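First comes the structure, then the notes that go with it.
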Amino acid sequence: MTNEALGEGRPGTKGRAGWTREQASRIERTDDTVAPIVYPPATEQIPEVHIWDTWFLRNRDGTLATVDGYRVCFSLTAPSDLLPGKRHDVATIRCFYSDDGRNWHNAGPVFEDALGQRQWAGSALYDDGSVYLFYTAAGEEGADDLTYTQRIVGAGGGSIDTTDGFELSGPWTHHELLQPDGDRYEREDQSRGMIYTFRDPWFFEDPETGETWLLFEANTPVPEGSDVCDGDAALQEFNGSVGVARSPTGDPLEWDLEDPLLDAVGVNQELERPHVVYREGLYYLFISSHLHTFAPGVEGFDALYGFVATDLRGEYVPLNESGLVATNPENAPFQSYSWMAFPHGDEVLVQSFFNYYDFDGDTLDEIAHLSESEQMRRFGGSLGPTLRLDVEGSRTRIIGTLGHWHIPLDGETLPLTDRELIRRGKGNETSAGSYGTRTETGTESK
C-alpha cells in the first residue's frame, strides 16, 4: 500500500512522530471501536492465580510461535486469594501452554532467580529452539522496602521439552539490557509526572530489512522551564513515549538505544506495552493506555490505541484519525486492559485480560472504596475474549470476538462473523452488533 492510501497526514519514511493533542481530541467511542460486554466464563481455567498482562512466545518476525503443536504464553501472576490491587507488588511471570488454542495449562513460575523485587511485563522470543524472555525488573532486589526502579532485562538459556508433555526450563542467565540515558529517555530522577516508566520490552525483527529491534515504554525528558507545550508545566508532566533500541548484530541480548518511535508530550503519560504488527507492507504500532493518564484537556479511555507507517522508523499516523482502536463499553469502562495484537489470516486479533467488570465508576480509584469481597468479586483476573479486527490502511473496526483464552492455532479457520452471515443471508440485522452472547457456559464465539 502506498503513502497516498493512508490519507491526509500520511506517514513519511524517516523521522520522529508525535501523537498530538489535536489528534487525540478526536477520541470518541464508535460502533467500530467499542468491544462488547464481557461476562465471566463458566469455568476459570487457571483458578489458582490472578492473571493480567500476557504475551505470547513469538518468532523473530512477530508471528506467534508453535512448538511441537503447542501455543505458549507468559503472564504476570499473583495468588488468587490476594486483593487484586496489591498484585503488582508481588508479580511473578508464569508460563502457560495449550495444544488446541482454547484449553490452557499452568507450567508454573518461569524463574527462580529473576532480577528485581518483582517482574513486570515484557515479551518472549523463540529462536532456533532457544527461548529468550524479556521483562521489566521492578524494584531493587535485596532492598528492605518496596522500591519502584525499572530496568529492562533479557533472560537467555530457556528451552522447551515436549518429550513427555510440556516443560520449559533453563538454566536462565539474566542480563540488564538498557538504562535510560537522560537525553532521549527520562531517568527516574528527572521525572515530574504521576508515574515513571522505563519498561515493557518487546522484541521485533523487521521482515523488510532484517534489522532487530527492542521496543519499550518510556518518557521523553522535558526540562522545567522549557517552552514545550507553550511552557505549560502541567501539560509537560504528561510525556509518554515509545522507545526503541537496535541490535547491531541481531543478538537478542545486545542493544543500543536509538531515538523514540513516537512521543506523546502534552497528551499522555503512559504508552504501555508497545508492539508492532507488520501487515501488507505497513507497520502497525499499538499501545495500551488509561483514562487517567491523558493530559488535562484531552479525554480518552482505557483502550488499545494504534498508529501506522510505511517504515518502522517512519512518521506514524494515528489509526481512525484519533488513534483509538478498541475500548470498553461506557457502562463497563474497565472490563478489559493490556491489549496485544497479532496477525491471523486476513484479520488482526487482539488479546487482553479480564479486568474489573460489573463496575462503571468514573475512575479505578473508586474500586478501593468497595469492600474487599466486592473487589475480589468484580476482578476477572484471567484472559478475556479475543477481539477480531478488520484492518485496512489507517482504518480499523471490531468485527467479532472469540471466547475467553481462545488463541487460534496456525491455519485455524475462524467462525463467520454476524456481518458475514448477514451478507450471506444467514443472519438477521438485529444481531449484527452482537459479537458474543451470554450463555449458560459463558461467552459464545460468533
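The values are calculated or read from the model by the stated rules, or taken from the named source; none is laboratory data. None of these values were measured; they are calculated from a predicted model. Cβ placement follows ideal geometry from the backbone for every residue including glycine, while neighbour counts extend to all protein chains displayed. For the accessible areas, the whole protein counts, side chains as well, though only heavy atoms, and no ligand, DNA or RNA atoms are used. Shrake-Rupley method; radii C 1.70, N 1.55, O 1.52, S 1.80 Å.
Does residue 66 satisfy the criteria of being at pLDDT below 95 and either β-branched (Val, Ile, Thr) or more than 18 Å from the chain's Cα centre (by Cα) (or both)?
no
Taking the residues in segment 42-73 that are among the charged types (D, E, K, R) and in a strand (DSSP E or B) as candidates, determine which candidate is surrounded by the most Cβ atoms within 10 Å (Cβ to Cβ).
53
Quick check on my filter: what residues within segment 268-300 are over 18 Å from residue 365 (Cα atoms), part of a loop (DSSP other than H, G, I, E, B) and in contact with an Asp or Glu (Cβ under 7 Å, 6 or more places away or on another chain)?
271 - this is the single residue of segment 268-300 that is over 18 Å from residue 365 (Cα atoms), part of a loop (DSSP other than H, G, I, E, B) and in contact with an Asp or Glu (Cβ under 7 Å, 6 or more places away or on another chain).
For segment 329-344, name all the residues that are outside any strand (DSSP E or B) and farther than 21 Å from residue 200 by Cβ.
329, 330, 331, 332, 333, 335
I'm checking my understanding of the structure. Among residues of segment 177-215 that are at positive phi and over 22 Å from the mean Cα position of the chain (by Cα), which one is least open to solvent (accessible area, probe 1.4 Å)?
182
Residues in segment 132-149: is at least one closer than 21 Å to residue 60 by Cα and small (Gly, Ala, Ser)? Before you say what the answer is, go through the steps one by one.
Filtering segment 132-149 down to residues closer than 21 Å to residue 60 by Cα leaves 132-136.
Going one step further and asking which of them are small (Gly, Ala, Ser), we end up with none.
Looking for residues that are closer than 21 Å to residue 60 by Cα and small (Gly, Ala, Ser), one finds none in segment 132-149, hence no.
Quick check: anything in segment 358-381 β-branched (Val, Ile, Thr), closer than 16 Å to residue 36 by Cβ and touching a residue at least 24 places away in the same chain (Cβ under 8 Å)?
Among the residues of segment 358-381, not one is β-branched (Val, Ile, Thr), closer than 16 Å to residue 36 by Cβ and touching a residue at least 24 places away in the same chain (Cβ under 8 Å), which makes the answer no.
In this structure, does residue 218 turn out to be assigned to a strand (DSSP E or B), under 21 Å from the mean Cα position of the chain (by Cα) and surrounded by fewer than 20 Cβ atoms within 10 Å (Cβ to Cβ)?
Here the answer is no, as residue 218 does not meet what is asked.
Under 9 Å between Cβ atoms, which residue pairs at least 6 apart in sequence (or on different chains) link something in segment 18-31 that is hydroxyl-bearing (Ser, Thr, Tyr) with a partner that is part of a loop (DSSP other than H, G, I, E, B) and surrounded by fewer than 16 Cβ atoms within 10 Å (Cβ to Cβ)?
25/297; 25/299
In this structure, is residue 364 under 24 Å from residue 30 (Cβ atoms), at pLDDT below 95 and open to solvent by 20 Å² or more (accessible area, probe 1.4 Å)? Steps first, please.
Working: under 24 Å from residue 30 (Cβ atoms): yes; at pLDDT below 95: yes; open to solvent by 20 Å² or more (accessible area, probe 1.4 Å): yes.
Answer is yes for this residue.
Out of all the residues in segment 128-165, which are outside any strand (DSSP E or B) and in contact (Cβ under 8 Å) with a residue 12 or more places away in the chain?
Residues satisfying the conditions are 129, 139, 140, 141, 143, 146, 147, 148, 149, 162.
Tell me, please, whether a residue that is in contact with a Lys or Arg (Cβ under 9 Å, 6 or more places away or on another chain), under 30 Å from residue 191 (Cα atoms) and surrounded by 13 or more Cβ atoms within 10 Å (Cβ to Cβ) can be found in segment 102-117.
To start, the set of residues in segment 102-117 that are in contact with a Lys or Arg (Cβ under 9 Å, 6 or more places away or on another chain) comprises 104, 106-110, 115-116.
Checking which are under 30 Å from residue 191 (Cα atoms) leaves us with 115-116.
Now narrow it down to the ones that are surrounded by 13 or more Cβ atoms within 10 Å (Cβ to Cβ): 115-116.
Yes.
So, in segment 248-270, of the ones that are farther than 24 Å from residue 225 by Cα and open to solvent by less than 10 Å² (accessible area, probe 1.4 Å), which residue ends up farthest from the chain's Cα centre (by Cα)?
Residue satisfying both the conditions and the ranking: 252.
Could you list, in sequence order, the residues of segment 243-289 that are under 26 Å from residue 29 (Cα atoms) and without any contact (Cβ under 8 Å) to a residue 40 or more places away in the chain?
283
I want to confirm something. Restricting to segment 136-171 and keeping residues that are under 22 Å from residue 253 (Cβ atoms) and among the polar types (S, T, N, Q), which single residue is surrounded by the most Cβ atoms within 10 Å (Cβ to Cβ)?
Checked segment 136-171; the qualifying residue surrounded by the most Cβ atoms within 10 Å (Cβ to Cβ) is 136.
Out of segment 82-109, which residues are over 24 Å from residue 288 (Cα atoms), of a type in the set (A, V, I, L, M) and in contact (Cβ under 8 Å) with a residue 60 or more places away in the chain?
Residue satisfying the conditions is 107 alone.
Would you tally the residues in segment 268-305 being touching a strand residue (DSSP E or B) at 6+ places or on another chain (Cβ under 7 Å) and under 24 Å from residue 150 (Cβ atoms)?
Looking only at segment 268-305, we keep the residues that are touching a strand residue (DSSP E or B) at 6+ places or on another chain (Cβ under 7 Å), and these are 268-277, 279, 282-289, 293-295, 300-305.
Filter once more, so that each one left must be under 24 Å from residue 150 (Cβ atoms): 268-276, 285-289, 293-295, 300, 302-305.
Of the residues in segment 268-305, 22 are touching a strand residue (DSSP E or B) at 6+ places or on another chain (Cβ under 7 Å) and under 24 Å from residue 150 (Cβ atoms).
Answer yes or no: is there a residue in segment 334-350 that is of a type in the set (Asp, Glu), within 20 Å of the chain's Cα centre (by Cα) and closer than 22 Å to residue 75 by Cβ.
No, that holds for no residue.
Only residues that are open to solvent by less than 40 Å² (accessible area, probe 1.4 Å) and in a strand (DSSP E or B): list them for segment 221-247, please.
Answer for segment 221-247, where residues must be open to solvent by less than 40 Å² (accessible area, probe 1.4 Å) and in a strand (DSSP E or B): 239, 240, 241, 242, 243, 244, 245, 247.
Does residue 78 qualify as being open to solvent by 40 Å² or more (accessible area, probe 1.4 Å), assigned to a strand (DSSP E or B) and at pLDDT 95 or above?
Here the answer is no, as residue 78 does not meet what is asked.
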